[in-house]
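The next block holds one structure in the form of structure tokens; read it before the comments.
The values are calculated or read from the model by the stated rules, or taken from the named source; none is laboratory data. Because the structure is a prediction, the values reported are computed rather than measured. A quick note on method: Cβ atoms are made from the backbone with ideal geometry, for glycine too, and the neighbour counts reach across all protein chains shown.
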Amino acid sequence: MTVMEQRGTYRPAPPPAWQPRTDPAPLLPDAEPYRVLGTEAAAKADPELLRRLYAELVKGRRYNAQATALTKQGRLAVYPSSTGQEACEVAAALALEERDWLFPSYRDTLAVVARGVDPVEALTLLRGDWHTGYDPYEHRVAPLSTPLATQLPHAVGLAHAARLKGDDVVALAMVGDGGTSEGDFHEALNFAAVWQAPVVFLVQNNGFAISVPLAKQTAAPSLAHKAVGYGMPGRLVDGNDAAAVHEVLSDAVRHARAGGGPTLIEAVTYRVEAHTNADDATRYRGDAEVETWKQHDPIALLERELTGRGLLDEAGAETARRDAETMAADLRAHMNEDPALDPMDLFADVYAEPTPQLLEQREQLRAELAAEAEQEGVQG
């Protein structure tokens, strides 16, 4: 007899009453990333969809190159390129209906543009001109912002609210592998699963959280395996296979819209360029690794499929490149214009009803600007 039994405070534990709420097996992802291009499944893919994906990929690659050049010219403060990840970006935008919402991370400028946001407006935040740069309600695209994973709980909240209102809306939230280490990731997935919110989580596993490789971020078999811990399906897909990413995302969107709850999708891809123009990627990875991934380029994969099936000829490829150049030229022209900025815009659209502190700050700035103008008038 133990001491606790002698004192009369011991109570034997009740028999285990825990039972799994659901069979975890169907929630587990496949052992290998799902692929379409180069497989028998490619024959079932819609030719028009494949051609559209190709045109958007070519345009996206050119957009990344042009935006990177603009940083070197001092027209952008910073640009986190998605070169090599274009398949994830484009597929995310095209998998949604017009009524749905996209919640991008800071690297997902290309997805925002593919969703319909003006390319210049999509870069306004990175230029430092405006809080967001575009109206989120116009295209149902949440603001681009640099805090990691904070858009995920927002996506869950919007999707849950839409369902409570009876709106047929799905939210697609994008995040990088580094963002899965944030508490917001856990909170978002937990609430989404408990509420069965119509949300699709797309993790672009591009290999690095800045300089930290995935192996130092998690010991999980894959990021998609994390889904089972929350009680939602996990899918693993080749992130450079545009057709596969679009199919998996579309399935998850339909599943969510039908009331099936959230899905966590890990797209295995690679960040070909540095984290941003301020990063030196050679300090933590070798050229051989980058070159290996370039052999699995998303544009080349899709182009090979299209040409092999007779769905794309040189004239069609040239049209895609010409359209991309037109977009890049227009982007250059607009970004080379010096914007007319009003300092008072700092106080616009911060709150629906400005706070007393904000009003006080606004009047203080107005007075300072008036005094400065008066001084310049005297000197002139």
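Residues are listed down the side, and each one gets a yes or a no for (1) surrounded by fewer than 18 Cβ atoms within 10 Å (Cβ to Cβ); (2) closer than 23 Å to ALA55 by Cα; (3) modelled with pLDDT of 95 or more; (4) not assigned by TED's automatic domain parsing to the domain that holds ALA92:
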{"position": "MET232", "(1), (2), (3), (4)": "no, no, yes, no"}
{"position": "ALA242", "(1), (2), (3), (4)": "no, yes, yes, no"}
{"position": "VAL245", "(1), (2), (3), (4)": "no, yes, yes, no"}
{"position": "VAL248", "(1), (2), (3), (4)": "no, yes, yes, no"}
{"position": "ASP251", "(1), (2), (3), (4)": "yes, yes, yes, no"}
{"position": "ARG254", "(1), (2), (3), (4)": "yes, no, yes, no"}
{"position": "ALA258", "(1), (2), (3), (4)": "yes, no, yes, no"}
{"position": "PRO262", "(1), (2), (3), (4)": "no, no, yes, no"}
**Hits in the stretch 338-368 (condition: in contact with a helix residue (DSSP H, G or I) (Cβ under 9 Å, 6 or more places away or on another chain) and within 30 Å of THR71 (Cβ to Cβ))** = PRO339, PRO343, MET344, LEU346, PHE347, VAL350, LEU365
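Filter the stretch 142-171 down to the residues that are charged (D, E, K, R) and not in a loop (DSSP other than H, G, I, E, B), then identify the one that is nearest to SER105 (Cα to Cα).
The first filter runs over the stretch 142-171 and keeps only residues charged (D, E, K, R), leaving 163, 165, 167-168.
Next cut, not in a loop (DSSP other than H, G, I, E, B) only: 163, 165.
Details: ARG163: 24, LYS165: 26 Å.
Taking the candidates together, the pick is ARG163.
Give the stretch 103-133 a look and list any residue that's closer than 17 Å to GLU266 by Cα, in contact with a helix residue (DSSP H, G or I) (Cβ under 8 Å, 6 or more places away or on another chain) and not in a helix (DSSP H, G or I), or say none.
Pass one, the stretch 103-133, residues closer than 17 Å to GLU266 by Cα: 103-105, 107-108, 111.
Now narrow it down to the ones that are in contact with a helix residue (DSSP H, G or I) (Cβ under 8 Å, 6 or more places away or on another chain): 103-105, 108, 111.
Correct list: PHE103, PRO104, SER105, ASP108.
Would it be correct to say that LEU126 is modelled with pLDDT under 95, assigned by TED's automatic domain parsing to the domain that holds GLY176 and under 22 Å from ASN206 (Cα atoms)? First the steps, then the outcome.
On the way: modelled with pLDDT under 95: yes; assigned by TED's automatic domain parsing to the domain that holds GLY176: yes; under 22 Å from ASN206 (Cα atoms): yes.
Yes; evaluated as a whole, the condition is true for this residue.
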**Prompt:** Hey, GLU138 hits all of (1) out of contact with any helix residue (DSSP H, G or I) (no Cβ under 9 Å at 6 or more places or on another chain); (2) acidic (Asp, Glu); (3) crowded, with 21+ Cβ neighbours inside 10 Å but one; which does it fall short on?
**Reply:** (3)
**Fill in**
Of the conditions (1) assigned to a helix (DSSP H, G or I); (2) of a type in the set (Gly, Ala, Ser); (3) touching a strand residue (DSSP E or B) at 6+ places or on another chain (Cβ under 9 Å); (4) farther than 30 Å from ASN336 by Cα, the single one that ALA87 does not satisfy is (4)
**Item:** Close pairs (7 angstrom Cβ cut-off, 6 or more residues apart or separate chains): in the same structural domain as ARG304 (by TED's automatic domain parsing) in the stretch 29-40, part of a loop (DSSP other than H, G, I, E, B) anywhere
**Value:** PRO29/SER222; ARG35/ASP241; VAL36/ALA45; VAL36/ASP241; LEU37/ASP241
**Item:** Cβ-Cβ under 8 Å pairs, at least 6 apart or on other chains, the stretch 237-262 side touching a residue at least 60 places away in the same chain (Cβ under 8 Å) and of a type in the set (Val, Ile, Thr), far side in a loop (DSSP other than H, G, I, E, B) and crowded, with 24+ Cβ neighbours inside 10 Å
**Value:** VAL245/GLY239; VAL253/VAL170
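For the stretch 184-198, indicate whether the set of residues that are within 12 Å of the chain's Cα centre (by Cα) and in the same structural domain as TRP293 (by TED's automatic domain parsing) is non-empty. Quick ask: steps written out before the conclusion?
Of all residues in the stretch 184-198, those within 12 Å of the chain's Cα centre (by Cα) come to none.
Taking every residue of the stretch 184-198 in turn, none turns out to be within 12 Å of the chain's Cα centre (by Cα) and in the same structural domain as TRP293 (by TED's automatic domain parsing).
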**Asked** How many of the residues making up the stretch 330-359 are farther than 28 Å from TYR137 by Cβ and surrounded by 11 or more Cβ atoms within 10 Å (Cβ to Cβ)?
**Response** 1
**Prompt:** Which is within 18 Å of GLU273 (Cβ to Cβ) and crowded, with 24+ Cβ neighbours inside 10 Å, of ALA93, ALA87, ALA69?
**Reply:** ALA87
**Asked** Could you count how many residues in the stretch 275-294 are over 16 Å from GLN204 (Cβ atoms) and either of a type outside the set (Asp, Glu) or touching a helix residue (DSSP H, G or I) at 6+ places or on another chain (Cβ under 6 Å) (or both)?
**Response** 12
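Just need a number here: residues in the stretch 207-229 that are outside any loop (DSSP other than H, G, I, E, B) and either more than 22 Å from VAL290 (Cβ to Cβ) or of a type outside the set (D, E, K, R) (or both). Before the answer, list the steps.
Looking only at the stretch 207-229, we keep the residues that are outside any loop (DSSP other than H, G, I, E, B), and these are 208-209, 212-216, 223-229.
Narrowing the set further to residues that are either more than 22 Å from VAL290 (Cβ to Cβ) or of a type outside the set (D, E, K, R) (or both) leaves 208-209, 212-215, 223-229.
So the answer is 13.
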**Request:** Mind listing whichever residues of the stretch 48-84 are at pLDDT 95 or above and not in a helix (DSSP H, G or I)?
**Result:** TYR79, PRO80, SER81, SER82, THR83, GLY84
